[in-house]
Structure formats: C-alpha cells, structure tokens
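S.K.: The structure's right below; bear with me while I get my questions together.
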Amino acid sequence: MAVSLAHASVRRVLVSARGPSRVFATAAMEGEVAKALQEVTSRIGAAAAKAGRADRLPRLVAVSKTKPAEAVREAYDAGQRVFGENYVQEVVDKAPQLPQDCAWHFIGHLQSNKVKTLLEAVPNLALLETVDSAKLASKLDSTVAALGRPPLAVFVQVNTSGEESKYGVEPAECVALARHIQEQCPHLRFAGLMTIGMPDYSSRPENFQCLQDCRRAVCDALGLEEAAVELSMGMSGDFEAAIEMGSTNVRVGSTIFGARQYPAKAS
Ligand SMILES: *Cc1c(COP(=O)(O)O)cnc(C)c1O
C-alpha cells in the first residue's frame, strides 16, 4: 500500500514538472520539424526561381496554430523567425515562451474586443494579416497609439471565393478599407492584401488572380507602387502555385509541423 502511494505521487510530480504542452512533443517529432522546414524552404526557392523571382524570395510564415511551443522552438533553432497564429489566447500563451526576435503574424479572425489583449501580450507582433473592417482598423490604430507601440503593419483580408461564410471584405470593398487605413489610421501601415481562398482552405488560380486584381485597384486608387503592396496567399497545398502568381508571403502550417491533431480552440 505504502509503496503504491509513493509511486503515484512520484508520477504526479513528474507529470507536473513536464507541463501539459510536453505531452504533444513526442519523440517521433524530434528533428522532423527542422527537416520539413528545410524542404519547404527549398520548394519556395524553386518556385520563386521558376517564376523569375529568385532574387525576391517570398516570406515564409510557419503556421504553428495548435502546435506546442517546443515545435516552434525546433523551427526557431533551425533558423525560422516568422510564425503565424490564429487564436488570440494561443499566441498570448505561446509567444512569451519563445525568443523575442520571433516575428509573429496574426492570421485568424480578430474581434475588436480582443485587440488590446493581443497587442499588450505580444510586443513582437510584426504583422496583422486579417483586417476585415474599418471598425477593426480603427480599434487597432487607437490601441497601438495608446500603448505607444511603433506603427503596426497590416494586411487587408479579402474574400476571394464569394462564399458568405468567410471572413474578409468583398473584392469591391478592398479599396475603401485600404484607403481608410492609409488615410485615417496613422498608427497602422497598410502593407498588403491577404486571402485564404475557398472555404475549405483550398484555393484556385481564380482566388490568386482576384487578389492580384485587388492590388492593382488599390494601387491605382491610392497611388501606390505594386512592389510596396504585398500579396499573402498560398498554404501547404498550394504555396508553389501562389508564388508563381505573385505571392510575397506564404503561410505554411501542416507541411512543416505535421497534421493538426486536435480541433481548433475558440479564440
Ligand atoms: C491554418 C492556416 C494556414 C496553414 O494551413 P496549412 O494548410 O496547414 O498549411 C494558413 N493560413 C491560414 C489563414 C490558416 O488559418
């Protein structure tokens, strides 16, 4: 009896010392992330070369949503610095566990009432890719000002699939939102356009073409150079096609970190 009690308490101590996120960092994963990252990086290089853009490689955002800090750390140790997260609570928990020179991109739907939490907890938030309303832009602008942060780079998210259920502005509305950011939000820096594609997170050439057309319209309306306006498009299934169609920022998750094992948490 005494023996089994002692055994049980030792086990408990071990479990709590390792912490809950350790559970997901299985031995099988060791080294896998670094290897996958290297493969994705070389595929990006090849796609850029094919598109005649070998001198302007697109940025790789390693999408670490639902993955433990240890997996992000492995990518970091392999040289990756830009990471993407979808959920406010998750990035608020994870970012402080990683070095401060990580550049976090927020790529999920953001509610105005979570803006302060996100900006306060993640000082190294480098880019918010999912601005989809003037209300959200204005809230970001005033919060950046109140926190005394440097201007925050943002992308406008465009719904290029025409599906009702997706976040993002309609293509016809992207000029108005980009103009609002450019003219009314001095603490934001309008840096580009982002799209997911189809509602099932796949995409078609039409989605990428639509985002290119949006950029042309925004540049014409606001007098910007196309080179100054990024296109964030392409995920695990289609990043090479997206690069060939002008993507400057690909968001790749499962190909680097493995399939996501558990359902997305609500932000
Ligand atoms: C999850 C996610 C990704 C990455 O998707 P993968 O197919 O795992 O590469 C990219 N962009 C957004 C907006 C996402 O939510």
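The values are calculated or read from the model by the stated rules, or taken from the named source; none is laboratory data. None of the values given here were measured: they were computed from a predicted structure. Every residue, glycine among them, receives a Cβ derived from its backbone with ideal geometry; neighbour counts consider all protein chains shown.
S.K.: For residues in the stretch 91-101 being more than 15 Å from Leu128 (Cβ to Cβ) and buried (at least 17 other Cβ atoms within 10 Å of the Cβ), which is farthest from the ligand (Cβ to nearest atom)?
M.R.: Among them, the one singled out is Leu98.
S.K.: Among Thr130, Thr117, Thr143, which is the only one that is modelled with pLDDT of 95 or more, part of a strand (DSSP E or B) and of a type in the set (Ser, Thr, Tyr)?
M.R.: Answer to the check: Thr130.
S.K.: Can I ask one more? Look through Pro186, Pro263, Pro205 and report the one residue that is under 20 Å from Asp132 (Cα atoms) and either surrounded by fewer than 23 Cβ atoms within 10 Å (Cβ to Cβ) or modelled with pLDDT under 95 (or both).
M.R.: It is Pro186.
S.K.: Continuing with this model, one more query. Would you please name the residue that is nearest to the ligand (Cβ to nearest atom), looking only at residues in the stretch 54-67 that are part of a loop (DSSP other than H, G, I, E, B) and crowded, with 17+ Cβ neighbours inside 10 Å?
M.R.: Among those residues, the one meeting the criterion is Lys65.
S.K.: Separate question: So, in the stretch 241-259, of the ones that are near the ligand (Cβ under 9 Å from one of its atoms) and part of a loop (DSSP other than H, G, I, E, B), which residue ends up modelled with the highest pLDDT? Before you say what the answer is, go through the steps one by one.
M.R.: Step one: list which residues in the stretch 241-259 are near the ligand (Cβ under 9 Å from one of its atoms), which gives 250-257, 259.
Filter once more, so that each one left must be part of a loop (DSSP other than H, G, I, E, B): 253, 259.
Working: Gly253: 97, Ala259: 91.
That would be Gly253.
S.K.: Applying the selection to the stretch 126-139, what residues are under 15 Å from His187 (Cβ atoms), in contact with a His (Cβ under 8 Å, 6 or more places away or on another chain) and either β-branched (Val, Ile, Thr) or crowded, with 20+ Cβ neighbours inside 10 Å (or both)?
M.R.: Matches in the stretch 126-139: Leu127, Leu128, Ala137.
S.K.: Next question. Among the residues in the stretch 107-114, are any over 17 Å from the mean Cα position of the chain (by Cα) and in a helix (DSSP H, G or I)? Write out each step before concluding.
M.R.: First pass over the stretch 107-114, keeping only residues over 17 Å from the mean Cα position of the chain (by Cα): 112-113.
From the residues that got through so far, the ones that are in a helix (DSSP H, G or I) too are 112-113.
Scanning the stretch 107-114 turns up at least one residue that is over 17 Å from the mean Cα position of the chain (by Cα) and in a helix (DSSP H, G or I).
S.K.: Now a separate question. Condition first: more than 16 Å from the ligand (Cβ to nearest atom), crowded, with 17+ Cβ neighbours inside 10 Å and in contact (Cβ under 8 Å) with a residue 24 or more places away in the chain. Now tell me which residues in the stretch 162-183 satisfy that.
M.R.: Pro171, Cys174, Val175, Leu177, Ala178, His180, Ile181, Gln182
S.K.: Here is a further query. Restricting to the stretch 208-240, what's the tally of residues that are within 13 Å of the ligand (Cβ to nearest atom) and either in a loop (DSSP other than H, G, I, E, B) or under 20 Å from Arg189 (Cα atoms) (or both)?
M.R.: 7
S.K.: Further question on the same structure: Does any residue in the stretch 54-67 that is touching a residue at least 24 places away in the same chain (Cβ under 8 Å) and among the hydroxyl-bearing types (Ser, Thr, Tyr) come within less than 6 Å, Cβ to Cβ, of a residue that is within 13 Å of the ligand (Cβ to nearest atom) and in a loop (DSSP other than H, G, I, E, B) six or more places away or on a different chain, and which pairs are these?
M.R.: Here the result reads Thr66/Arg260, each pair linking the stretch 54-67 to a residue that is within 13 Å of the ligand (Cβ to nearest atom) and in a loop (DSSP other than H, G, I, E, B).
S.K.: Considering each of Thr130, Thr117, Thr143 in turn, give the residue that is within 27 Å of Tyr76 (Cβ to Cβ), over 17 Å from the mean Cα position of the chain (by Cα) and either within 16 Å of the ligand (Cβ to nearest atom) or of a type in the set (S, T, N, Q) (or both).
M.R.: It is Thr117.
S.K.: Quick check on the stretch 186-202. Is at least one of its residues over 27 Å from Val33 (Cα atoms), more than 10 Å from the ligand (Cβ to nearest atom) and of a type in the set (D, E, K, R)?
M.R.: yes
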